[in-house]
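**Student:** Encoded as C-alpha coordinates, here's the structure I'll be asking about.
The values are calculated or read from the model by the stated rules, or taken from the named source; none is laboratory data. The structure presented is a predicted model; accordingly, all values stated were derived computationally and were not measured. Heads up, the Cβs are rebuilt from the backbone with ideal geometry, glycines too, and the neighbour counts pull from every protein chain shown. Surface areas here come from the heavy atoms of the whole protein model, side chains and all, with no ligands, DNA or RNA. Shrake-Rupley method; radii C 1.70, N 1.55, O 1.52, S 1.80 Å.
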Amino acid sequence: MGKDYLRNPYQDTAGVGESGLVLPWDEKLIKELISSYVKSILEQCKPRREDCGDLYVGNAGIAFMFWKLSRSEHGRDLCPTALQHASMFIRQAKRNAERFKEPSSLPSYSFLRGNAGIYAVSAAISEALKDPKQLAKDLANFKAAIPSGKDDGGSDSMLVGRAGYLSGCYWLNDILPGKKIPDEDLISVCKIIIASGREYSTKNHSYLPLMYEYHGMEYLGAAQGLCGILQVLLDSPWFRKDHSQASESPLMDISAPADVLHDVKRTLDCILTQQDVDGNFPVTLEDEGEKRLVQWCHGTPGIVYLIAKAYLIFLEPKYLRSLVRSADFIWRKGFVRKGPGICHGVAGNGYVFLLLFRLTHQRIYLYRAHKFIELMTSEEFKQKARVPDRPHSLYEGLAGTVCFLVDLLEPEKAHFPFMDVFHYEK
Ligand SMILES: [Zn+2]
(Lines give C-alpha, C1' and ligand atoms only; values in the text may rest on other atoms or scores of the structure.)
Protein backbone atom coordinates (compact mmCIF):
# COMPACT_ATOMS: atom_id res chain seq x y z
CA MET A 1 0.00 0.00 0.00
CA GLY A 2 2.86 2.35 0.84
CA LYS A 3 3.95 2.21 -2.80
CA ASP A 4 0.56 3.27 -4.14
CA TYR A 5 0.23 6.69 -2.56
CA LEU A 6 2.34 9.63 -1.46
CA ARG A 7 2.16 11.04 2.03
CA ASN A 8 -0.20 13.97 2.43
CA PRO A 9 1.85 16.51 4.40
CA TYR A 10 -1.26 18.59 5.19
CA GLN A 11 -3.34 15.81 6.62
CA ASP A 12 -3.57 17.26 10.11
CA THR A 13 -6.16 19.99 9.90
CA ALA A 14 -7.05 19.79 13.59
CA GLY A 15 -7.67 23.20 15.04
CA VAL A 16 -8.37 24.78 11.67
CA GLY A 17 -11.90 26.07 12.09
CA GLU A 18 -14.31 26.45 9.18
CA SER A 19 -13.99 30.23 9.19
CA GLY A 20 -10.18 30.09 9.37
CA LEU A 21 -9.84 27.97 6.25
CA VAL A 22 -8.08 29.82 3.50
CA LEU A 23 -8.44 28.12 0.14
CA PRO A 24 -4.91 27.71 -1.18
CA TRP A 25 -5.84 28.01 -4.85
CA ASP A 26 -7.62 31.11 -6.01
CA GLU A 27 -9.61 31.40 -9.22
CA LYS A 28 -6.69 32.91 -11.13
CA LEU A 29 -4.37 29.99 -10.34
CA ILE A 30 -7.01 27.39 -11.20
CA LYS A 31 -7.65 29.14 -14.51
CA GLU A 32 -3.95 29.26 -15.34
CA LEU A 33 -3.72 25.53 -14.71
CA ILE A 34 -6.77 24.82 -16.89
CA SER A 35 -5.25 26.91 -19.71
CA SER A 36 -1.93 25.13 -19.54
CA TYR A 37 -3.55 21.65 -19.53
CA VAL A 38 -5.86 22.57 -22.42
CA LYS A 39 -2.87 23.88 -24.38
CA SER A 40 -1.02 20.63 -23.77
CA ILE A 41 -4.06 18.56 -24.84
CA LEU A 42 -4.42 20.56 -28.06
CA GLU A 43 -0.72 20.24 -28.85
CA GLN A 44 -0.37 16.56 -28.06
CA CYS A 45 -3.70 15.12 -28.87
CA LYS A 46 -5.06 15.38 -32.40
CA PRO A 47 -8.29 13.65 -33.39
CA ARG A 48 -6.87 10.42 -34.78
CA ARG A 49 -8.28 7.79 -37.04
CA GLU A 50 -6.66 4.91 -35.19
CA ASP A 51 -8.18 6.05 -31.90
CA CYS A 52 -10.79 3.82 -30.24
CA GLY A 53 -13.00 6.91 -30.07
CA ASP A 54 -14.58 6.12 -26.71
CA LEU A 55 -15.24 8.30 -23.68
CA TYR A 56 -12.83 6.48 -21.44
CA VAL A 57 -9.53 7.09 -23.25
CA GLY A 58 -10.57 8.18 -26.74
CA ASN A 59 -11.68 11.15 -28.84
CA ALA A 60 -15.17 11.30 -27.30
CA GLY A 61 -13.65 11.88 -23.85
CA ILE A 62 -11.64 14.85 -25.10
CA ALA A 63 -14.77 16.15 -26.85
CA PHE A 64 -16.69 15.88 -23.57
CA MET A 65 -14.03 17.93 -21.76
CA PHE A 66 -14.23 20.73 -24.36
CA TRP A 67 -18.03 20.64 -24.23
CA LYS A 68 -17.93 20.95 -20.41
CA LEU A 69 -15.49 23.85 -20.63
CA SER A 70 -17.73 25.63 -23.14
CA ARG A 71 -20.66 25.44 -20.70
CA SER A 72 -18.76 26.69 -17.68
CA GLU A 73 -19.62 30.24 -16.71
CA HIS A 74 -16.16 30.77 -15.20
CA GLY A 75 -14.18 28.60 -17.60
CA ARG A 76 -15.50 29.24 -21.10
CA ASP A 77 -13.44 32.41 -21.69
CA LEU A 78 -10.29 30.34 -21.26
CA CYS A 79 -10.95 28.62 -24.57
CA PRO A 80 -13.42 30.54 -26.78
CA THR A 81 -13.13 27.83 -29.47
CA ALA A 82 -13.89 24.98 -27.06
CA LEU A 83 -17.08 23.98 -28.86
CA GLN A 84 -15.32 23.82 -32.22
CA HIS A 85 -12.66 21.54 -30.71
CA ALA A 86 -15.43 19.42 -29.16
CA SER A 87 -17.06 19.14 -32.57
CA MET A 88 -13.81 18.12 -34.27
CA PHE A 89 -13.01 15.40 -31.73
CA ILE A 90 -16.52 13.97 -31.69
CA ARG A 91 -16.68 13.86 -35.49
CA GLN A 92 -13.58 11.70 -35.53
CA ALA A 93 -14.97 9.58 -32.68
CA LYS A 94 -18.10 8.92 -34.73
CA ARG A 95 -16.03 7.87 -37.72
CA ASN A 96 -14.35 5.41 -35.36
CA ALA A 97 -17.76 4.30 -34.10
CA GLU A 98 -18.79 3.38 -37.63
CA ARG A 99 -15.53 1.60 -38.24
CA PHE A 100 -15.65 -0.34 -34.97
CA LYS A 101 -19.33 -1.24 -35.16
CA GLU A 102 -18.73 -4.69 -36.60
CA PRO A 103 -17.29 -6.95 -35.42
CA SER A 104 -17.15 -5.74 -31.85
CA SER A 105 -16.76 -7.48 -28.55
CA LEU A 106 -18.87 -4.81 -26.87
CA PRO A 107 -22.63 -4.38 -27.12
CA SER A 108 -23.82 -1.15 -28.77
CA TYR A 109 -25.16 0.10 -25.40
CA SER A 110 -21.65 0.21 -23.96
CA PHE A 111 -21.30 3.79 -22.72
CA LEU A 112 -17.86 4.63 -21.30
CA ARG A 113 -16.06 2.20 -23.58
CA GLY A 114 -18.32 2.07 -26.59
CA ASN A 115 -20.57 3.63 -29.16
CA ALA A 116 -23.45 4.73 -26.92
CA GLY A 117 -21.17 7.15 -25.09
CA ILE A 118 -19.91 8.60 -28.38
CA TYR A 119 -23.46 9.27 -29.63
CA ALA A 120 -24.55 10.75 -26.28
CA VAL A 121 -21.69 13.26 -26.24
CA SER A 122 -22.33 14.01 -29.90
CA ALA A 123 -25.97 14.80 -29.03
CA ALA A 124 -24.82 17.24 -26.33
CA ILE A 125 -22.48 18.98 -28.77
CA SER A 126 -25.11 19.10 -31.54
CA GLU A 127 -27.51 20.75 -29.09
CA ALA A 128 -24.86 23.30 -28.09
CA LEU A 129 -24.14 24.02 -31.76
CA LYS A 130 -27.87 24.42 -32.40
CA ASP A 131 -27.93 21.70 -35.04
CA PRO A 132 -31.33 19.98 -34.61
CA LYS A 133 -30.86 17.63 -37.57
CA GLN A 134 -27.61 16.23 -36.24
CA LEU A 135 -29.07 16.10 -32.71
CA ALA A 136 -31.98 13.98 -33.97
CA LYS A 137 -29.53 11.58 -35.69
CA ASP A 138 -27.32 11.30 -32.60
CA LEU A 139 -30.29 10.66 -30.34
CA ALA A 140 -31.68 8.06 -32.72
CA ASN A 141 -28.32 6.25 -32.70
CA PHE A 142 -28.14 6.42 -28.90
CA LYS A 143 -31.71 5.25 -28.36
CA ALA A 144 -31.40 2.41 -30.87
CA ALA A 145 -28.83 0.86 -28.54
CA ILE A 146 -31.21 0.49 -25.56
CA PRO A 147 -30.67 -2.91 -23.87
CA SER A 148 -33.62 -5.18 -24.56
CA GLY A 149 -33.00 -8.30 -22.49
CA LYS A 150 -30.67 -9.88 -19.99
CA ASP A 151 -29.53 -12.65 -22.33
CA ASP A 152 -27.87 -10.49 -24.99
CA GLY A 153 -24.37 -11.56 -23.94
CA GLY A 154 -23.60 -8.16 -22.41
CA SER A 155 -23.00 -7.12 -18.85
CA ASP A 156 -24.51 -4.79 -16.28
CA SER A 157 -21.45 -2.73 -15.33
CA MET A 158 -20.94 1.02 -15.50
CA LEU A 159 -17.88 0.64 -17.70
CA VAL A 160 -19.31 -1.41 -20.57
CA GLY A 161 -22.76 -2.56 -19.50
CA ARG A 162 -26.37 -1.58 -18.90
CA ALA A 163 -25.63 0.62 -15.87
CA GLY A 164 -23.35 2.78 -18.01
CA TYR A 165 -26.08 3.13 -20.64
CA LEU A 166 -28.54 4.26 -17.95
CA SER A 167 -26.06 6.81 -16.59
CA GLY A 168 -25.88 8.19 -20.14
CA CYS A 169 -29.69 8.40 -20.29
CA TYR A 170 -29.85 10.31 -17.00
CA TRP A 171 -27.12 12.66 -18.19
CA LEU A 172 -28.91 13.39 -21.50
CA ASN A 173 -32.17 14.01 -19.68
CA ASP A 174 -30.34 16.47 -17.41
CA ILE A 175 -28.60 18.48 -20.10
CA LEU A 176 -30.98 18.43 -23.09
CA PRO A 177 -34.24 20.36 -23.10
CA GLY A 178 -37.33 18.17 -22.74
CA LYS A 179 -37.08 14.67 -21.43
CA LYS A 180 -35.54 12.81 -24.34
CA ILE A 181 -35.56 9.38 -22.74
CA PRO A 182 -38.91 8.60 -21.10
CA ASP A 183 -39.29 6.98 -17.68
CA GLU A 184 -40.75 3.78 -19.23
CA ASP A 185 -37.53 3.19 -21.16
CA LEU A 186 -35.39 3.82 -18.09
CA ILE A 187 -37.49 1.47 -15.97
CA SER A 188 -37.37 -1.23 -18.64
CA VAL A 189 -33.55 -1.26 -18.39
CA CYS A 190 -33.71 -1.23 -14.57
CA LYS A 191 -35.94 -4.32 -14.68
CA ILE A 192 -33.41 -6.15 -16.84
CA ILE A 193 -30.63 -5.22 -14.40
CA ILE A 194 -32.68 -6.45 -11.42
CA ALA A 195 -33.54 -9.73 -13.17
CA SER A 196 -29.91 -10.25 -14.15
CA GLY A 197 -28.65 -9.58 -10.60
CA ARG A 198 -31.19 -11.92 -9.02
CA GLU A 199 -30.46 -14.68 -11.49
CA TYR A 200 -26.70 -14.47 -10.92
CA SER A 201 -27.16 -14.30 -7.14
CA THR A 202 -29.39 -17.40 -7.06
CA LYS A 203 -27.13 -19.41 -9.39
CA ASN A 204 -24.04 -18.59 -7.39
CA HIS A 205 -25.59 -18.79 -3.91
CA SER A 206 -24.64 -15.23 -3.10
CA TYR A 207 -25.76 -13.91 0.28
CA LEU A 208 -26.67 -10.63 -1.43
CA PRO A 209 -30.04 -10.57 -3.24
CA LEU A 210 -28.38 -8.80 -6.19
CA MET A 211 -24.95 -9.73 -7.48
CA TYR A 212 -23.13 -9.39 -10.79
CA GLU A 213 -19.90 -10.54 -12.34
CA TYR A 214 -17.43 -8.91 -14.69
CA HIS A 215 -14.91 -11.19 -16.39
CA GLY A 216 -15.57 -13.80 -13.71
CA MET A 217 -15.03 -11.45 -10.76
CA GLU A 218 -17.64 -10.14 -8.32
CA TYR A 219 -16.30 -6.60 -8.14
CA LEU A 220 -17.74 -4.07 -5.73
CA GLY A 221 -16.38 -0.83 -7.23
CA ALA A 222 -18.00 1.85 -9.36
CA ALA A 223 -16.51 0.98 -12.76
CA GLN A 224 -16.97 -2.77 -13.07
CA GLY A 225 -18.84 -3.66 -9.94
CA LEU A 226 -21.96 -3.85 -7.84
CA CYS A 227 -21.85 -0.30 -6.45
CA GLY A 228 -21.94 1.42 -9.85
CA ILE A 229 -24.91 -0.78 -10.80
CA LEU A 230 -26.83 -0.14 -7.57
CA GLN A 231 -26.20 3.57 -7.92
CA VAL A 232 -27.95 3.80 -11.29
CA LEU A 233 -30.88 1.85 -9.83
CA LEU A 234 -31.16 4.38 -6.98
CA ASP A 235 -30.83 7.13 -9.58
CA SER A 236 -33.79 5.79 -11.57
CA PRO A 237 -37.33 7.21 -11.60
CA TRP A 238 -38.22 4.43 -9.12
CA PHE A 239 -36.44 6.42 -6.41
CA ARG A 240 -37.19 9.94 -7.58
CA LYS A 241 -38.63 12.03 -4.82
CA ASP A 242 -41.54 14.35 -5.36
CA HIS A 243 -40.20 17.60 -3.92
CA SER A 244 -43.53 19.37 -4.33
CA GLN A 245 -44.92 17.40 -1.40
CA ALA A 246 -43.22 17.09 1.95
CA SER A 247 -43.69 13.51 3.01
CA GLU A 248 -43.31 12.20 6.53
CA SER A 249 -41.16 9.25 5.61
CA PRO A 250 -38.54 9.19 2.86
CA LEU A 251 -39.93 5.82 1.76
CA MET A 252 -43.31 7.31 0.93
CA ASP A 253 -41.89 8.96 -2.18
CA ILE A 254 -40.44 5.80 -3.64
CA SER A 255 -42.31 4.19 -6.51
CA ALA A 256 -40.09 1.10 -6.82
CA PRO A 257 -42.00 -2.18 -6.37
CA ALA A 258 -41.69 -3.48 -2.78
CA ASP A 259 -39.58 -6.49 -3.81
CA VAL A 260 -37.16 -4.26 -5.75
CA LEU A 261 -36.89 -1.84 -2.84
CA HIS A 262 -36.20 -4.77 -0.51
CA ASP A 263 -33.46 -6.28 -2.67
CA VAL A 264 -31.75 -2.98 -3.46
CA LYS A 265 -31.82 -1.77 0.16
CA ARG A 266 -30.61 -5.10 1.54
CA THR A 267 -27.75 -5.29 -0.93
CA LEU A 268 -26.82 -1.68 -0.22
CA ASP A 269 -26.79 -2.18 3.55
CA CYS A 270 -24.70 -5.35 3.24
CA ILE A 271 -22.14 -3.38 1.21
CA LEU A 272 -22.05 -0.71 3.91
CA THR A 273 -20.94 -3.33 6.44
CA GLN A 274 -17.88 -4.01 4.25
CA GLN A 275 -16.31 -0.62 5.03
CA ASP A 276 -13.06 -1.42 6.84
CA VAL A 277 -11.58 0.27 9.91
CA ASP A 278 -9.60 2.64 7.69
CA GLY A 279 -12.73 3.76 5.84
CA ASN A 280 -12.09 1.92 2.57
CA PHE A 281 -14.02 -0.87 0.83
CA PRO A 282 -12.64 -4.12 -0.63
CA VAL A 283 -12.21 -4.69 -4.36
CA THR A 284 -14.38 -7.84 -4.19
CA LEU A 285 -16.40 -9.48 -1.43
CA GLU A 286 -13.93 -12.38 -1.30
CA ASP A 287 -11.05 -9.97 -0.68
CA GLU A 288 -9.76 -10.53 2.83
CA GLY A 289 -7.93 -7.23 2.93
CA GLU A 290 -4.71 -8.18 1.18
CA LYS A 291 -5.25 -5.75 -1.70
CA ARG A 292 -7.15 -2.54 -1.16
CA LEU A 293 -7.20 0.21 -3.78
CA VAL A 294 -8.00 3.90 -3.36
CA GLN A 295 -9.39 5.03 -6.71
CA TRP A 296 -12.71 5.69 -8.42
CA CYS A 297 -12.74 2.34 -10.25
CA HIS A 298 -11.99 0.27 -7.10
CA GLY A 299 -12.54 1.24 -3.50
CA THR A 300 -14.26 4.01 -1.65
CA PRO A 301 -13.57 6.90 -4.10
CA GLY A 302 -16.21 5.41 -6.44
CA ILE A 303 -18.45 3.75 -3.86
CA VAL A 304 -19.18 7.11 -2.20
CA TYR A 305 -21.60 8.01 -5.02
CA LEU A 306 -23.80 5.06 -4.15
CA ILE A 307 -23.69 5.92 -0.44
CA ALA A 308 -24.40 9.61 -1.14
CA LYS A 309 -27.39 8.67 -3.27
CA ALA A 310 -28.61 6.35 -0.50
CA TYR A 311 -28.29 9.19 2.00
CA LEU A 312 -30.28 11.59 -0.21
CA ILE A 313 -33.06 9.02 -0.61
CA PHE A 314 -33.29 7.31 2.78
CA LEU A 315 -31.89 10.14 4.96
CA GLU A 316 -30.34 7.65 7.39
CA PRO A 317 -27.38 9.09 9.36
CA LYS A 318 -25.33 5.89 8.92
CA TYR A 319 -24.80 6.76 5.26
CA LEU A 320 -23.48 10.21 6.08
CA ARG A 321 -21.18 8.78 8.76
CA SER A 322 -19.80 6.36 6.18
CA LEU A 323 -19.19 9.21 3.71
CA VAL A 324 -17.32 11.30 6.27
CA ARG A 325 -15.11 8.29 7.08
CA SER A 326 -14.47 7.75 3.37
CA ALA A 327 -13.48 11.38 2.84
CA ASP A 328 -11.17 11.34 5.87
CA PHE A 329 -9.55 8.16 4.58
CA ILE A 330 -9.05 9.59 1.07
CA TRP A 331 -7.54 12.73 2.61
CA ARG A 332 -4.95 10.53 4.34
CA LYS A 333 -4.29 7.93 1.65
CA GLY A 334 -5.82 9.21 -1.57
CA PHE A 335 -2.87 11.16 -2.93
CA VAL A 336 -2.16 8.28 -5.30
CA ARG A 337 0.79 7.82 -7.61
CA LYS A 338 -1.14 6.58 -10.64
CA GLY A 339 -1.39 10.00 -12.28
CA PRO A 340 -3.71 13.01 -12.37
CA GLY A 341 -6.80 11.31 -13.87
CA ILE A 342 -10.28 10.60 -12.58
CA CYS A 343 -10.43 6.77 -12.91
CA HIS A 344 -7.41 5.88 -10.79
CA GLY A 345 -5.76 9.21 -10.13
CA VAL A 346 -5.66 12.23 -7.86
CA ALA A 347 -8.47 14.22 -9.53
CA GLY A 348 -10.84 11.26 -9.21
CA ASN A 349 -10.10 11.07 -5.50
CA GLY A 350 -10.38 14.86 -5.19
CA TYR A 351 -13.93 14.64 -6.56
CA VAL A 352 -14.94 12.93 -3.30
CA PHE A 353 -14.27 16.18 -1.43
CA LEU A 354 -16.45 18.10 -3.89
CA LEU A 355 -19.21 15.54 -3.32
CA LEU A 356 -18.95 16.01 0.46
CA PHE A 357 -18.88 19.79 0.02
CA ARG A 358 -22.15 19.72 -1.94
CA LEU A 359 -23.69 17.37 0.61
CA THR A 360 -22.61 19.15 3.80
CA HIS A 361 -21.63 22.69 2.67
CA GLN A 362 -18.59 22.46 4.94
CA ARG A 363 -15.61 24.37 3.60
CA ILE A 364 -13.14 21.82 4.97
CA TYR A 365 -13.99 19.64 1.97
CA LEU A 366 -13.42 22.43 -0.51
CA TYR A 367 -10.13 23.12 1.23
CA ARG A 368 -9.13 19.48 0.81
CA ALA A 369 -10.08 19.51 -2.89
CA HIS A 370 -7.86 22.57 -3.37
CA LYS A 371 -5.02 20.97 -1.46
CA PHE A 372 -5.15 17.90 -3.70
CA ILE A 373 -4.56 20.18 -6.69
CA GLU A 374 -1.67 21.81 -4.86
CA LEU A 375 -0.18 18.37 -4.18
CA MET A 376 -0.73 17.29 -7.78
CA THR A 377 1.25 20.23 -9.08
CA SER A 378 4.11 19.65 -6.62
CA GLU A 379 7.62 18.61 -7.63
CA GLU A 380 7.25 15.40 -5.62
CA PHE A 381 4.22 14.34 -7.66
CA LYS A 382 5.94 15.22 -10.94
CA GLN A 383 8.89 13.04 -9.97
CA LYS A 384 7.14 10.11 -8.33
CA ALA A 385 3.78 9.74 -10.07
CA ARG A 386 3.38 7.42 -13.01
CA VAL A 387 2.40 8.75 -16.43
CA PRO A 388 -0.76 6.95 -17.55
CA ASP A 389 -0.88 5.09 -20.89
CA ARG A 390 -3.25 7.72 -22.30
CA PRO A 391 -1.97 10.86 -20.56
CA HIS A 392 -4.48 13.29 -22.11
CA SER A 393 -7.62 11.15 -21.93
CA LEU A 394 -10.80 11.77 -19.94
CA TYR A 395 -10.56 8.90 -17.47
CA GLU A 396 -6.81 8.34 -17.23
CA GLY A 397 -5.35 11.70 -18.04
CA LEU A 398 -5.48 15.48 -18.17
CA ALA A 399 -8.90 15.87 -19.80
CA GLY A 400 -10.41 14.46 -16.59
CA THR A 401 -8.21 16.75 -14.50
CA VAL A 402 -9.53 19.74 -16.49
CA CYS A 403 -13.10 18.65 -15.68
CA PHE A 404 -12.18 18.54 -11.99
CA LEU A 405 -10.61 22.03 -12.17
CA VAL A 406 -13.66 23.43 -14.00
CA ASP A 407 -15.81 21.98 -11.21
CA LEU A 408 -13.50 23.55 -8.63
CA LEU A 409 -14.43 26.94 -10.12
CA GLU A 410 -18.12 26.17 -9.54
CA PRO A 411 -18.15 23.72 -6.63
CA GLU A 412 -21.85 24.11 -5.95
CA LYS A 413 -22.50 22.40 -9.32
CA ALA A 414 -19.57 19.97 -9.24
CA HIS A 415 -20.05 16.31 -10.03
CA PHE A 416 -18.00 13.39 -11.27
CA PRO A 417 -18.72 12.92 -15.01
CA PHE A 418 -21.99 11.03 -15.58
CA MET A 419 -22.53 10.51 -11.83
CA ASP A 420 -24.52 13.51 -10.65
CA VAL A 421 -26.26 12.18 -7.55
CA PHE A 422 -27.93 15.55 -7.04
CA HIS A 423 -29.68 15.72 -10.39
CA TYR A 424 -33.17 15.15 -8.97
CA GLU A 425 -32.55 17.65 -6.18
CA LYS A 426 -32.55 20.68 -8.49
ZN1 LIG B 1 -9.27 3.02 -12.93
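**Student:** Between Gln362 and Gln383, what is the label-to-label distance in nm when each label sits 7 Å out along the Cα-to-Cβ direction?
**Tutor:** 3.4 nm
**Student:** Quick check: Cα centre of the stretch 127-170 to Cα centre of the stretch 404-423, how many Å?
**Tutor:** 22 Å
**Student:** On to the next question. Return a whole-number percent for the relative contact order of the stretch 151-265, with Cα pairs under 8 Å and 6 or more residues apart as the contact set.
**Tutor:** 24 percent
**Student:** Size of the dipole of the chain about the Cα centre, Lys and Arg at +1 and Asp and Glu at -1 on the beta carbon, nothing else charged, in debye to 20?
**Tutor:** Around 1000 debye, computed over the chain.
**Student:** Put a dot 7 Å past each Cα toward the Cβ at Gln274 and Leu23; how far apart are the dots in nm?
**Tutor:** Here the answer is 3.5 nm between the modelled labels.
**Student:** Quick check: residue separation of Arg76 and Lys413 times 0.36 nm, minus the Cα distance between them. What number comes out in nm?
**Tutor:** Here the segment from Arg76 to Lys413 would lengthen by 119.8 nm.
**Student:** While we're on this one: Using the Cα centre of the stretch 292-390 as the reference point, and only Cβ charges (+1 on K/R, -1 on D/E), how large is the resulting charge dipole? Debye, rounded to the nearest 20.
**Tutor:** 160 debye
**Student:** Taking the alpha-carbon distance from Lys291 and a cut-off under 18 Å, which aspartates and glutamates remain once sequence neighbours fewer than 8 residues away in the same chain are dropped?
**Tutor:** Asp4, Glu218, Asp276, Asp278
**Student:** Then there is this: Could you work out the relative contact order of the stretch 312-414? I mean the mean sequence separation of Cα pairs under 8 Å and 6+ apart, divided by the number of residues, in percent.
**Tutor:** The value is 30 percent.
**Student:** Please compute the length gained on full extension between Asp174 and Lys46, using 0.36 nm multiplied by the number of residues separating them and subtracting their Cα-Cα distance.
**Tutor:** In short, 43.1 nm is gained.
**Student:** Find how much the distance from Ala144 to Leu315 grows on full extension, using 0.36 nm per residue of separation minus their present alpha carbon separation; answer in nm with one decimal.
**Tutor:** That works out to 57.9 nm of additional length.
**Student:** If you don't mind, another one. Past 18 Å, Cα to Cα, is the threshold; run Lys94/Lys413; Lys130/Lys180; Lys68/Lys371 against it and keep the listed order.
**Tutor:** Lys94/Lys413; Lys68/Lys371
**Student:** Oh, and also: Mean residue ellipticity at 222 nm from the helices of the chain, using -39,500 (n - 2.57) per DSSP H segment of n ≥ 4 over the full residue count, to the nearest 500 deg cm²/dmol?
**Tutor:** -16500 deg cm²/dmol
**Student:** Next up: Sorted by accessible area with a 1.4 angstrom probe, largest first, how do Asp152, Asp420 fall?
**Tutor:** Of Asp152, Asp420, the descending order of accessible area is Asp152, Asp420.
**Student:** Once Rh for the chain is found with the Kirkwood sum over Cα pairs, what is the Stokes-Einstein diffusion coefficient at 37 °C and 0.692 mPa s, in µm²/s?
**Tutor:** 152 µm²/s
**Student:** Over the stretch 63-158, what is the relative contact order in whole percent, taking alpha-carbon pairs under 8 Å and six or more residues apart?
**Tutor:** Reported relative contact order: 23 percent.
**Student:** Just the accessible area per residue of the chain, please: how many Å² with a 1.4 Å probe?
**Tutor:** Accessible area per residue, the chain: 41 Å².
**Student:** Excluding residues on the same chain fewer than 8 positions from Lys203, give the lysines whose Cα lies under 19 Å from its Cα.
**Tutor:** Lys150, Lys191
**Student:** With the crude spin-label approximation of a point 7 Å out along Cα→Cβ, what separation in nm comes out for Asp253 versus Glu32?
**Tutor:** A separation of 4.4 nm, rounded to one decimal place.
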